[in-house]
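The structure appears right after this line, and notes come after that.
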Amino acid sequence: MHLKQPFLGAMLARAAVASAASLCLAGCTVGPDFKAQSIWSPDSWFSARQAAPAAVASEPVSEPIDPNWWGLFHDAELTSLEGRVAAANLNVKLATIRLAESRSQRQITGADQFPTLQGDGSYTRERVSTKGVVGIFGGAGAGTTGGSFGSTGASANGTTGRSGAIPSNLGGSGLQPFNLWQYGFDASWELDLWGRVRREVESADASLEASTDARRNSLLSVVAEVARDYLQLRGQQAQLAITEENIKTERESLDLSHARFRGGLTTELDVANAAAQLQSTQSQVPQLEQQQDQSINALSFLLGEAPQALRAELITPRALPPVPPRVPVGLPSELARRRPDIRQAEAQLHAATADIGVAVADFYPKVTLDGSLGLQALKAKDLGNWAARQYGLGPTISIPIFEGGRLRATLELRKVEQQEAALNYQQTVLQAWHDVDNALTAYADEQRRHDALAAAAAQDSLALRLSRDRYTQGVADFLNVLDAERALLQVQLQLADSSTTVSSNLVQLYKALGGGWEPTYPVASR
């Protein structure tokens, strides 16, 4: 098919001029422009703690954060769990799906920037009603063999316009059925004069960024939860070992009281007290074993496994990994770039700002350039005939006149949503600083508590040894031994719990700092 007619060339030239005019106006984008938010940050994390009490064994330092911060514990099992959780955790997978949804939505929105072109072809067998509108112009029995019907009319060779005009083969009996063959192309392109589409794309880009950071935040939470549950498991196993060791000690005390009773050196009261103390300590074992199983289940769930799936891997007790003497925490100015929730809140604010521009643009006229080019004939063999051509080209202007207040209400809604997003961003930033400050305080204070408990445990251990010696020598009451045993068990359990808390507080500190996803996490996948 060769389109060489002068008038068609003129139409295409006018279309080119219209497109050029639209490009000249393309710089007009209504609505507010988003500006990156500035965040206050202190010069140092530790400015408020310069007058802190005695130094602690593990201190935060302003050094770059290792993305794999759990490696500071030097625990191979913990490192293995962290390496597997990113690909196995269901929450991370859900966040990955949502990221893929946002990416697809961005592509859908971006398609509005380009013209749409579609091809179509059809064949229909038609007959026009003689009792309808056509009958007014000489329907059945009109005796005409030519002429026109409706506003489009028919050509001399019997072809019609693409809108389906009536052919002139009526005959003496009225309108006769006829065949209609046609194929061609339709194109449409909205000229983005006011930047409505550009604002939609801007909003979609920001929403995609928010989804990306939401996935990072999900991964950060999961990584921290794995470390916390693992440390709690090792702490519970340490408490279980302490309890079992005290059971051995108390059983020795029971045997000692039996021997002294049989030798007539004491009464049966000492035997009863020793047996009661032993049973009381043994009663704590099932509770600790339950906590151990629950921690294994928690880790199994985080890795997307069935209950107790990791039992064989984790049931063997291991020492609680110690905290490092130096804890890199980066610089305060890096917090906004590291915390995924801050990045997500800022992206949501950006999207809400762009949505205002979309709402403003809806008040302005929409100009669409439409065009069609095709062939239509009553016989299939005529589709290759140049005379069967048809085309249409021209702009369409849509002007909002009365919308019942919908446009104005939509604009007000977008402005309020932007204000909400701005407040959410401010709250997220403020919460981040509180999280870091609280985590630093908790990490330092728990270490001092741990040191005090360690000193107390050493004294209680000495007190138990002395009380047993004095009881064996017959110069002290057995109640002194029982009191020393209870005090030692209690402080040892508290010390083990404090050791776990110190490590957990370090995990919480790194979560508050936003560490644990860059540079390799999250892997963008669909």
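Observations on the structure shown:
- The order of 198, 84, going from fewest to most other C-beta atoms within 10 Å of their C-beta, is 84, 198.
- When each of 267, 353 is scored by the number of other beta-carbon atoms lying within 10 Å, the sequence from fewest to most is 267, 353.
- The residue 90 and residue 479 beta-carbon pair, evaluated with R₀ = 56 Å, returns a calculated FRET efficiency of approximately 0.55.
- Going from the fewest other Cβ atoms within 10 Å to the most, the residues 379, 366 appear in the order 379, 366.
- The modelled label-to-label distance between residue 280 and residue 387, using points 7 Å beyond Cα along the C-beta direction, is 11.4 nm.
- From most to least packed by mean Cβ count within 10 Å, the peptides 268-274, 316-322 give 268-274, 316-322.
- Rounded to whole Hz, the Karplus (6.51, -1.76, 1.60) HN-Hα couplings of segment 372-388, x for glycine and proline: 9, 8, x, 10, 9, 7, 7, 10, 4, 5, 8, 5, x, 7, 4, 5, 7
- Mean Cβ count within 10 Å, highest first, over the residues of peptides 214-220, 98-104, 484-490: 214-220, 484-490, 98-104
- Computed from the C-beta positions of residue 370 and residue 419 and an R0 of 35 Å, the FRET efficiency is 0.35 to the nearest 0.05.
- Set of lysines with alpha-carbon distance to residue 366 below 26 Å, sequence-local pairs under 8 removed: 415
- Residue-wise HN-Hα coupling along segment 467-480, computed from phi with Karplus coefficients 6.51, -1.76, 1.60 (Hz; x: Gly, Pro): 5, 5, 4, 5, 5, 4, 7, x, 10, 9, 7, 5, 4, 5
- Put a plus charge on the Cβ of each Lys and Arg, a minus charge on the Cβ of each Asp and Glu, and nothing anywhere else: the dipole of segment 306-441 about its Cα centre is then about 480 debye.
- Other residues with beta-carbon under 12 Å from the beta-carbon of residue 117 carry, at +1 per Lys or Arg and -1 per Asp or Glu, a net charge of -3.
- When restricted to Cα atoms, segment 445-510 yields an Rg and a Dmax of 15.5, 55 Å, respectively.
- For residue 470 and residue 309, a Förster radius of 56 Å and the Cβ-Cβ distance give a FRET efficiency of 0.60, rounded to the nearest 0.05.
- Label sites at residue 445 and residue 245, each approximated as a point 7 angstrom past Cα along Cα to Cβ, lie 2.9 nm apart.
- Hull volume in cubic angstrom per residue (convex hull over the Cα atoms of segment 178-308): 224 Å³
- Label point distance in nm, residue 61-residue 455, each placed 7 Å from Cα along Cα→Cβ: 2.6 nm
Throughout, read-outs are computed from the coordinates displayed, never taken from laboratory work. Just so we're clear, the structure is a prediction, and the values are computed from it rather than from any experiment. We place every Cβ from the backbone using ideal geometry, glycine too, and count neighbours over all the protein chains shown.
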